[in-house]
Amino acid sequence: YLRGREQRITSPADRNLRIAMYEKAVELDPGFAQAYAALAGAHLSMYWWYLDRTGERLASAKAAVDRALQLDPDLPLAHSMLGKYYEAIKDFERAERHHLIALAGQPNNADFVLGLASMQARRGEWAQGISSFKRATVLNPRSSGLFWNTGAALQFVRQYPEAEVYFDRALALSPTRMAALFKARLYLAWHGDVERARSVLEEVPEQVALRTLLGGNISGSRWLFRTLYHDLPESVDTLTLQALNGDSVTYYFAKADLYGVGPASELANAYHDSARVAAEHRVEAEPEEARIRSLLGIAHARLGDRASAVREGTRAVELMPISREAIDGPEILAHLAEIYMILGDYDLAIDQLEVLLSIPSWLSAAWLEFDPFWAPLRDHPRFQALLDKYDQPASN
């Protein structure tokens, strides 16, 4: 149990090792409720970090937390993990109930406060969520993760100067790849400053940062990737499928983005077709997984299949609307905007962008203004009006 708890997480293999340690703990002591709760949390981390979004993974988490509560109905950690489980299936009412039970048992547990903060943000309760995020950093001012989570929430509501303060503190405590990637995203959203964003990534090993970015657990990850790595082919060219834990969809998209797009790039089209095949297999196995459906729509768009692209993109938004999920929902809508842009349906693309700029999200007018992907819209009156409306003063 102690080995699992102290396992340093730098790769998907580390998360699997943590699960193995907790499984061994409950095998040695079937009455160890705390270990069952920790095992549930380890399974849920695979889900939340997009390493395994299957129903089987969630079922494993639920079985472990149910056993923990059977052994100890008042165990705070078990209620916190059950809250995270209900958050994963978007039952926020039950999620809140169990997060509050956990906090009633341990009101000064920063991790439990973080769990409540995450649930509040996903439900769209940004003011309450940010207040909870900040409280977590006060309770544990030595945790880098608490600070970059708070910074990420502040960036979502476009409070960029304050977000920078929290990212700086996170990196001062521990120069982790996640803190660096979130801070890099901040500079793109705030000022469209590519060079400053890249300078942040120089603080962490490039391959580690790239692997984390492509793992899909950062909102705007594909746009961040294409901006920061499009002229660093050696970084992506040496990326292996194994480094991405066998995620063939992400792997083939990265390769396609590396080699460019359009009829002039046969290699890019080949990789997009491979991404399409891989995504179709994933959709067949996980039909409710909105992110994979939206990526399948992008692959269809790149290959010129308009009907399939729009079908998958709109279905993904139906599965994960912003009204249901305020953190992941904007990502799916951004993918739909990308699909329409690729297809040349510029007004429909702008429709989606207008929604994204009007709500809390990682997207900003500054990002749209510098990202070369949106260059075809530069002279579109609606696009320019959108940038003017949501442009923030340079002093921010």
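Structure notes:
- Segment 36-145 holds no helices (runs of 4 or more DSSP H) entirely within its bounds that carry 2 or more residues that are of a type in the set (Gly, Ala, Ser) and in contact with a strand residue (DSSP E or B) (Cβ under 6 Å, 6 or more places away or on another chain).
- Flag if ARG158 is in a loop (DSSP other than H, G, I, E, B) and closer than 27 Å to ALA365 by Cα: yes
- Extreme residue, most open to solvent (accessible area, probe 1.4 Å), among residues of segment 349-396 that are part of a helix (DSSP H, G or I) and touching a residue at least 60 places away in the same chain (Cβ under 8 Å): GLU369
Conditions tested, residue by residue: (1) of a type outside the set (Gly, Ala, Ser); (2) open to solvent by 30 Å² or more (accessible area, probe 1.4 Å); (3) touching a Phe, Trp or Tyr at 6+ places or on another chain (Cβ under 8 Å).
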site: LEU241; (1), (2), (3): yes, yes, yes
site: VAL249; (1), (2), (3): yes, no, no
site: ASP257; (1), (2), (3): yes, yes, yes
site: HIS272; (1), (2), (3): yes, no, yes
site: VAL277; (1), (2), (3): yes, yes, no
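- The single condition among (1) closer than 25 Å to ASP14 by Cβ; (2) part of a loop (DSSP other than H, G, I, E, B); (3) at pLDDT below 75 that THR240 does not satisfy is (3).
- Every residue from segment 103-114 that is more than 25 Å from the chain's Cα centre (by Cα) and either under 11 Å from ALA136 (Cα atoms) or buried (at least 24 other Cβ atoms within 10 Å of the Cβ) (or both): PRO107, ASN108
Results for (1) of a type in the set (S, T, N, Q); (2) in a helix (DSSP H, G or I); (3) without any contact (Cβ under 8 Å) to a residue 60 or more places away in the chain; (4) within 22 Å of TRP49 (Cα to Cα), shown as yes or no for each residue.
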residue: PHE253; (1), (2), (3), (4): no, yes, yes, yes
residue: ALA256; (1), (2), (3), (4): no, yes, yes, no
residue: ALA270; (1), (2), (3), (4): no, yes, yes, no
residue: SER274; (1), (2), (3), (4): yes, yes, yes, no
residue: HIS281; (1), (2), (3), (4): no, yes, yes, yes
residue: PRO287; (1), (2), (3), (4): no, no, yes, yes
residue: ALA301; (1), (2), (3), (4): no, yes, yes, no
residue: ALA309; (1), (2), (3), (4): no, yes, yes, no
residue: ARG315; (1), (2), (3), (4): no, yes, yes, no
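- Being among the charged types (D, E, K, R), open to solvent by 50 Å² or more (accessible area, probe 1.4 Å) and more than 17 Å from the chain's Cα centre (by Cα) is a property that ARG306 has.
- The set of residues in segment 16-35 that are in a helix (DSSP H, G or I), open to solvent by 50 Å² or more (accessible area, probe 1.4 Å) and more than 27 Å from ILE327 (Cβ to Cβ) comprises LEU17, GLU23, LYS24, GLU27, LEU28, GLN34.
- Single condition VAL194 does not satisfy, out of (1) modelled with pLDDT under 75; (2) surrounded by fewer than 23 Cβ atoms within 10 Å (Cβ to Cβ): (1)
The values are calculated or read from the model by the stated rules, or taken from the named source; none is laboratory data. This is a predicted model, so every value here is computed, not measured. Note: ideal-geometry Cβ built from the backbone for every residue, glycine included; neighbour counts use all protein chains shown. All accessible areas refer to the heavy atoms of the entire protein, side chains included, with ligands and DNA or RNA removed. Shrake-Rupley method; radii C 1.70, N 1.55, O 1.52, S 1.80 Å.
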